[in-house]
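Notes follow the structure.
The values are calculated or read from the model by the stated rules, or taken from the named source; none is laboratory data. These numbers were taken from a predicted model, which means no experiment stands behind them. Methodologically, a virtual Cβ is constructed for each residue, glycine included, from the backbone with ideal geometry; neighbour enumeration extends over all protein chains shown. Note: areas computed on protein heavy atoms with side chains; ligands, DNA, RNA excluded. Shrake-Rupley method; radii C 1.70, N 1.55, O 1.52, S 1.80 Å.
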Amino acid sequence: MAIDNKIWNARPQANQSAPDYVIEQMREALLSGQLKPGDRVPPELELAELCGVSRGSVRQAMKSLEILGVLTIRPGDGTYINTGISEKSFNPLAFSLLIANPSIKELADARYALERDIFELLLADDALIEVIIQPLEDNILVHKKLLEESAPPQQLVDNDLRFHRLLSHGCGNTLIQIVYDYVMDFFQHYLIYTTTRQAERDQTISAHEMIVEALRTKSYPMAKQAAQETVQIWYDLMTEEKI
């Protein structure tokens, strides 16, 4: 798809670095909808002339955006805006969470709020529930087997996170899914700690089974209760002995 060159503005003489200016131009083009996923970015030389910067600055900006997962540079073909999120990409939101260093209570509140939204979206659409029920049940069976085999905490946590990602990816809202997945990634370190505590390990199965039953019977109060109890157990374990 050809991109209207009028969307690019020559860099004024300012304190902002040239690579940062190119990145800002890309951001504005994406926000305005003039540049969309799958679009091809103008060639390096052309973009340098359009933005009034050097080719080196454009190259540096493109490399930074590739690391962030915004675009992909295809040697011999061109540079394209990504159409999806790559797991290999650097997650700026996850990094922001690390820098913000939220409290245990803030993490618990955020997770609970997002899970309530996910359940509400799922319960509003029978088709979404129909697709997600069996994978959730399969995940619970895997978790039971891991417990029977005395699997290490990391394996239990990985399967626990898969259960929650099934919920977020199945809710039909990409924005909530992205934010929730980043929050749960941040949780991972703490989940390994609490999973070593028998109380939390015992509660995982019952909480997940309650969630599945809530979806099957279309009971939002039951789903909300399951989320609340899970988060509360985690919070209690974390505050008993801070790490």
Item checked: Search result, residues across the stretch 45-59 that are surrounded by fewer than 19 Cβ atoms within 10 Å (Cβ to Cβ) and either β-branched (Val, Ile, Thr) or under 17 Å from PRO75 (Cβ atoms) (or both) -> LEU45, ARG55, ARG59
Next item on the list: All but one of (1) open to solvent by less than 30 Å² (accessible area, probe 1.4 Å); (2) at pLDDT below 90; (3) closer than 23 Å to GLN232 by Cβ hold for PHE119, so report the exception by its number.
Entry: (2)
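Return the total of residues in the stretch 141-166 being under 21 Å from PRO221 (Cβ atoms) and either without any contact (Cβ under 8 Å) to a residue 12 or more places away in the chain or open to solvent by 10 Å² or more (accessible area, probe 1.4 Å) (or both).
Just the residues of the stretch 141-166 that are under 21 Å from PRO221 (Cβ atoms), to begin with: 163-164.
If we keep only those that are either without any contact (Cβ under 8 Å) to a residue 12 or more places away in the chain or open to solvent by 10 Å² or more (accessible area, probe 1.4 Å) (or both) as well, we get none.
Summing the residues that are under 21 Å from PRO221 (Cβ atoms) and either without any contact (Cβ under 8 Å) to a residue 12 or more places away in the chain or open to solvent by 10 Å² or more (accessible area, probe 1.4 Å) (or both) in the stretch 141-166 gives 0.
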Check: Restricting to the stretch 203-229, what's the tally of residues that are within 16 Å of ASP117 (Cα to Cα) and either modelled with pLDDT under 85 or not in a helix (DSSP H, G or I) (or both)?
Finding: 2
Notebook entry, point to check: Quick one: what pairs do we get from the stretch 41-61, first residue among the β-branched types (Val, Ile, Thr), second in a helix (DSSP H, G or I) and open to solvent by 40 Å² or more (accessible area, probe 1.4 Å), C-beta under 9 Å, 6+ apart or different chains?
Noted result: VAL58/GLU44; VAL58/LEU45
Margin query: Out of the helices (runs of 4 or more DSSP H) lying entirely within the stretch 98-179, which hold 3 or more residues that are over 20 Å from GLU229 (Cα atoms)?
Written below: 126-148, 153-170
Next item on the list: May I ask you to verify whether GLU106 is open to solvent by 40 Å² or more (accessible area, probe 1.4 Å) and either over 22 Å from the mean Cα position of the chain (by Cα) or farther than 19 Å from ASP185 by Cβ (or both)?
Entry: no
Notebook entry, point to check: Exactly one of (1) open to solvent by less than 50 Å² (accessible area, probe 1.4 Å); (2) modelled with pLDDT of 85 or more is unmet by GLU200. Its number?
Noted result: (2)
Notebook entry, point to check: Is it the case that the stretch 149-159 has a residue that's modelled with pLDDT of 90 or more and more than 22 Å from MET238 (Cα to Cα)?
Noted result: yes
